[in-house]
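The values are calculated or read from the model by the stated rules, or taken from the named source; none is laboratory data. None of the values given here were measured: they were computed from a predicted structure. Backbone-built Cβ (ideal geometry, glycine too); neighbour counts: all protein chains shown.
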């Protein structure tokens, strides 16, 4: 089993926290419906594969540093996996849909069949509250790849918000880049999702930050999103 992760290219040895600076954000709305007219930066972030051990160490680090890190993991529960495996073979339940929820208020909304990743993708950045929701099910055409795109639309299927527009992970911020998420479907689909927000004042050298920050250019916390197959 492998793990994919945005921005976190590799996990290295545990170490002391390093202090970093963060820019400020302005709280000004940008409509998602206008995203397709933004000049394309033509940048797609490729997700790196991490081992299960590295993923477990990442979760352990997050859970042991609540003053600096907020995280959320969603996956089918064990009973669902057993039931699904009995119907669909060894694959069990897999990720079949992603949905974005955007609001000017910090609401905890439930959507039927979806699990909420409880980390705001705009945390400490101003702008809107942005959350991801994941739906798992038995499918031969599950999501097996998530890509990040800076300043442009994904070329194929993409994550939408509840209004039907492409999700902008920096919704409502003026200084941030438009960050969108693309998805691909096929073999070896995703079975677990992880979102983590690391306080912008510090970051552990446990991480090599070589990929996409979902708060890119907007300040606030460093936001990572990852998947486990």
(Q) Regarding region 180-195, can at least one residue be identified that is at pLDDT below 95 and under 14 Å from residue 102 (Cβ atoms)? (A) yes
(Q) Condition first: surrounded by 15 or more Cβ atoms within 10 Å (Cβ to Cβ), modelled with pLDDT under 95 and part of a loop (DSSP other than H, G, I, E, B). Can you find one or more residues in region 84-102 that meet it? (A) yes
Q) Can you find a residue in region 137-144 that is more than 12 Å from the chain's Cα centre (by Cα), assigned to a strand (DSSP E or B) and surrounded by fewer than 18 Cβ atoms within 10 Å (Cβ to Cβ)? A) yes
Q | Condition check for residue 183: closer than 22 Å to residue 75 by Cβ, in contact (Cβ under 8 Å) with a residue 40 or more places away in the chain, part of a strand (DSSP E or B) and within 16 Å of the chain's Cα centre (by Cα) | A | yes
(Q) Filter region 114-130 down to the residues that are closer than 16 Å to residue 75 by Cα and in a strand (DSSP E or B) and list them by number. (A) 115, 116, 117
Q | From the options 106, 123, residue that is farther than 17 Å from residue 167 by Cβ and at pLDDT 85 or above | A | 106
Q. Which one is nearest to residue 197 (Cα to Cα), of the residues in region 58-83 that are at pLDDT below 80 and part of a helix (DSSP H, G or I)?
A. 58
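Identify, please: which residue in region 156-173 is over 19 Å from residue 97 (Cβ atoms) and in a loop (DSSP other than H, G, I, E, B) and is, among those, nearest to the chain's Cα centre (by Cα)?
170
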